[in-house]
1. Condition (residue is closer than 21 Å to GLY228 by Cβ, of a type in the set (D, E, K, R), modelled with pLDDT of 90 or more and not in a helix (DSSP H, G or I)) applied to the stretch 174-191: is it met by at least one residue?
2. Considering only the stretch 245-262, how many residues are closer than 20 Å to PRO465 by Cβ and assigned to a strand (DSSP E or B)?
3. Mind listing whichever residues of the stretch 529-551 are away from ligand 3 (no atom under 16 Å from the Cβ) and crowded, with 24+ Cβ neighbours inside 10 Å?
4. I'd like to verify a number: residues in the stretch 15-32 that are buried (at least 23 other Cβ atoms within 10 Å of the Cβ) and part of a loop (DSSP other than H, G, I, E, B), how many?
5. Somewhere in the stretch 428-445, is a residue more than 16 Å from ligand 2 (Cβ to nearest atom), in contact with a strand residue (DSSP E or B) (Cβ under 7 Å, 6 or more places away or on another chain) and small (Gly, Ala, Ser)?
6. Evaluate the following for ILE270: is it modelled with pLDDT under 95, aliphatic (A, V, I, L, M), away from ligand 1 (no atom under 16 Å from the Cβ) and not in a strand (DSSP E or B)?
7. Check GLU329, GLU265 and return the single one that is assigned to a helix (DSSP H, G or I), at pLDDT 95 or above, more than 27 Å from the chain's Cα centre (by Cα) and more than 16 Å from ligand 2 (Cβ to nearest atom).
8. Going through LEU480, LEU485 one at a time, which residue ends up being closer than 21 Å to SER188 by Cβ and touching a His at 6+ places or on another chain (Cβ under 9 Å)?
Amino acid sequence: MREIDVQEAFLEAGYQISPEAADLIVSHSLPEDLVCYVLEHVDESIFVIEAEHIDVLSFESECGTTLKDGSGKSPEQLTEASPQITVSSQGISEEKTSDPVASSSTITPGTTSVMNSPASPRSKKYSSSFPVGYGSGGGIDRSTGAGTNGNGAGNNINIMSDITDMSTCVGEYMEFVQYFRNRYSKLSDLIRGRITARPIESLNKNRKHGGGLRRSGGGDYSEVSIIGMVSEVRSTANGHKMLQLEDPTGSFLVLVHQAEKDLFEEASKIILDEVIGVTGSLTNDGSLIVAKKIILPDLPNISHRREGTWGKAVFTSDVHIGSSTFLEEEWCNFLDFLNGKSDNEQMRELSKDIRFLVIAGDLVDGIGIFPGQEHELDILDIYDQYAKAAEYFSQVPEHIQIIISPGNHDAVRQAEPQPRFPERITSLFEDRVIFVGNPALVDLDGVQVLMYHGRSIDDLVASVPGVSYQEPEKAMIEMLKRRHLSPIYGSRVSIAPEKQDHFVIDPVPDILHCGHVHTIGIGRYKNVLAINSGTWQSQTEFQKRVNVMPTPAQVPLVDLSTLKTSLLHF
Ligand code: D5M
Ligand code: FE
Ligand code: ZN
């Protein structure tokens, strides 16, 4: 077992592990069993497993007994657009417009069937026991309280949805079934108003009775609509697209003809596990539907934008405090800006009525997140990293309300939705800092912001043609069209099977705020402003290897009455 396998095993189970502890495990003769033993015995209040938490002597004595009586446990397998003004410290420098529409083709095949058959969810590394209800106690009053938090400046914040203290799952099979049913139910309801869909079972019955739907009441006898979760996408030998859709009653094949150019292009962007509606004609033998129309849950065309509120909000993420590539000087320039201490008059003017500072994850670099990370850290202790963060935030003027949600580098469980930071971390910060989970929907005095770190952007870049790391707002627009923050199951995002699907985008926010990919992106889709807030970390060794080009030290600033956005450079 390699150190990285040990780190992964603990991350999947929701813990971080120090390099010394990982080393201790790797150097043992039974590393897998030791991992299993530590996970079974570790106190749930611990977030970082240190060498002192590994009781090798007890393990060895227990291990000896179990081996003797022949019931030696193998390690439990841990498987299972509007114009944007760009402002630099020298002032306005550039105008940027983002085209919200992506285009083009290719698709990943795969199969899953979790709503109506006993097949297991698509093979996925999964912890069998999530630490439930992380972060309970402490901090709850100041972050959720009665749902609002008013500070001296009247910056009312209402946390509208957040997994914190609501997690119930332990990762059992039936929970996945329930989770996917909930996803289907929520997303199909969004489509149902627009088509009259029938249960898939009714199509299969027709097939059994001789094929083809019979004319009922003299109408078009073959036009049907269904709503299903996409369980397979593949190209046929003739270059058409074949989709398998699944609803709670059964599954059915849908063919998208390549001659139907627009429809075919739409089908090329379809990804596994999203929920779509299809209208089309049944073939004579009743075995498949030839699609005429594909309907995504999408945002409503007509929606009344909320009025907004006075003042401004700044959005950031991926600060990566503790990393040796953290851009401290630029970050301190940003803190100066918030304090109205920029050299530039225009920047001082812009800083005047900032009311909210919103941070969407990866506040610190963490420890044990990737192999060899200890060589790229300035602060080696996770709590010291958060203490440093707290010190920085204490320099933010008191009239600015700070809201922080976690990312994959932070010390909470890796499975999403992630709860807010535990008490041991939140207590390091001043009371005025509000901590929420990931994702979380927060209402900033009338402007609703959906915060999501954005790990699923890695999946969307890999699966949706036209979506790239350079334009992360396009990935976010794909989320909005699917009304789902993390549609693909079983790839980069570990989804914890909570009773409710917390990734469904409902209600529609005013602003969708993500980070994770370390590139700035600002776009607009219908009435929603999509912001990816970049990073404060320069290119890491890992990013050099995989050619990730970050755009650090840039901060989107949004006028909360108009949602006009300026991009500040530090
Ligand atoms: O992620 C920062 C960016 O780097 C994001 O685009 C993902 C990419 N990244 C990070 N780690 C990996 C691995 N292991 N494989 C592929 N791509 C990766 P951050 O969450 O800040 O590390
Ligand atoms: Fe990051
Ligand atoms: Zn990240």
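The values are calculated or read from the model by the stated rules, or taken from the named source; none is laboratory data. Bear in mind the structure is a predicted one, so any value in this text is a computation, not a measurement. Note that we place each Cβ from the backbone using ideal geometry, even for glycine, and neighbour counts take in every protein chain shown.
1. no
2. Residues of the stretch 245-262 that are closer than 20 Å to PRO465 by Cβ, as a first pass: 254-262.
Then drop every residue that is not assigned to a strand (DSSP E or B), which leaves 254-256.
Residues in the stretch 245-262 being closer than 20 Å to PRO465 by Cβ and assigned to a strand (DSSP E or B): 3 in total.
3. Passing the criteria: LEU529, ALA530.
4. Adding up the residues that qualify gives 1.
5. yes
6. Details: modelled with pLDDT under 95: no; aliphatic (A, V, I, L, M): yes; away from ligand 1 (no atom under 16 Å from the Cβ): yes; not in a strand (DSSP E or B): yes.
It is false that ILE270 is modelled with pLDDT under 95, aliphatic (A, V, I, L, M), away from ligand 1 (no atom under 16 Å from the Cβ) and not in a strand (DSSP E or B).
7. Details: GLU265 fails: more than 27 Å from the chain's Cα centre (by Cα).
From the options GLU329, GLU265, the qualifying one is GLU329.
8. Values: LEU480 fails: touching a His at 6+ places or on another chain (Cβ under 9 Å).
Result of the check over LEU480, LEU485: LEU485.
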